[in-house]
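No lab work stands behind these numbers, since they all come straight from the coordinates. Worth saying up front: this structure is predicted, and the values here are computed from it rather than measured. Quick reminder, even Gly has a Cβ in these numbers, built from the backbone with ideal geometry, and neighbours come from all protein chains shown.
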Amino acid sequence: MRDIQFALIVAAALMTSDAPLVAQSGELTTGEYFITQSWSQEQVFQRPFYVSVPSVADQRKFPVFIFLHGNGGNGKGVMNGFLKRHPTMEKRYVLVFPSGYLKSWNIVSERSKADDRGFIEAIVERLLTYDNVQENNFTIMGSSNGAALVNQLAIESRLSNIRNYVTAVSPLNVFQHDGQDFKAKGDDNNYQAVAQPLVGIRLMNISGTEDRLVPYQGGLSRVIPAKDGKLGFVDAEESIFLWAKAMGYKGEKLRSPSSVAGKLEIFSYLDGEVVHYKVSGEGHGATHAIDEKTLLEFLENKE
């Protein structure tokens, strides 16, 4: 059982120092919030996440976009850069930036041993209590280690409110899919139990062909640890095919891209519901090859 309390505290609004503790209207406001959790490394620990709410007054409810930073990052730090690069989303989405414990997310052999699935699901469930949040239009995107957690959430979460999952520079690892089945992480990170992802979710992956940290064609990372050496990854194109099959695709694996746009090769399944962007010549920074327009086209189901 997850020892988690849905304690949400508004510590301080990002835009003003004298914001009320709770919005009187029942609407989510821009600010810093906390979820309280206990696990082997901490007891009654307040885990922060940062929220940006559009300032426009002509829309009652907003979709929610949650972004998970990579290893070594934090929610507040990544928020500033994301807002600068995504001005349209800042006006149209509730943007949420959680912080991983010890600047990492608990996947295989990271420093954090926290219940990160419970943390992110608690954030979703708390946001659902606010009047200005759309109930069934949540997206979770992660970069690198954050994308690994997005994969695990897509494998295990039963929250139907999460519509889109976006993974940047981290396809499935070999613990998450062993070549036969998707696997639940388990409390001890042994990835033994077979898991069935929730059918109907939409998935997007971005990977660079020259990534030296997460090899595009699969195999062992040169850097990322696992329990008995380095972490292995599934080939990026195979990874998106496995997701497509899990979502009901019955055809053959695509051997060539569905379309090409500059250095982007796009592998699209199920009419774009499951899509992989192969970024030729880019490494672990391949996420920046996907501009805001392209991301919004996927989120809003426009082709």
Which numbered condition in (1) out of contact with any Asp or Glu (no Cβ under 7 Å at 6 or more places or on another chain); (2) under 23 Å from PRO197 (Cα atoms); (3) crowded, with 21+ Cβ neighbours inside 10 Å is the only one that PHE97 fails? (2)
Residue list for the range 123-138, restricted to those being of a type outside the set (Phe, Trp, Tyr) and either crowded, with 23+ Cβ neighbours inside 10 Å or assigned to a loop (DSSP other than H, G, I, E, B) (or both): ILE123, LEU127, LEU128, THR129, ASP131, ASN132
Flag if ASP181 is free of Cβ contacts under 8 Å to residues at least 60 places away in the same chain, out of contact with any strand residue (DSSP E or B) (no Cβ under 8 Å at 6 or more places or on another chain) and on the phi < 0 side of the Ramachandran plot: no
Can you pull out the residues in the range 60-90 that are of a type outside the set (Gly, Ala, Ser) and without any contact (Cβ under 8 Å) to a residue 12 or more places away in the chain? ASN80, LYS84
Does SER170 satisfy the condition of being assigned to a strand (DSSP E or B) and either within 17 Å of the chain's Cα centre (by Cα) or of a type in the set (Val, Ile, Thr) (or both)? no
Restricting the search to the range 48-90, which residues are in contact with a Leu (Cβ under 8 Å, 6 or more places away or on another chain) and of a type outside the set (Val, Ile, Thr)? TYR50, SER52, PRO63, PHE65, PHE67, LEU68, MET79, PHE82, LEU83, HIS86, MET89, GLU90
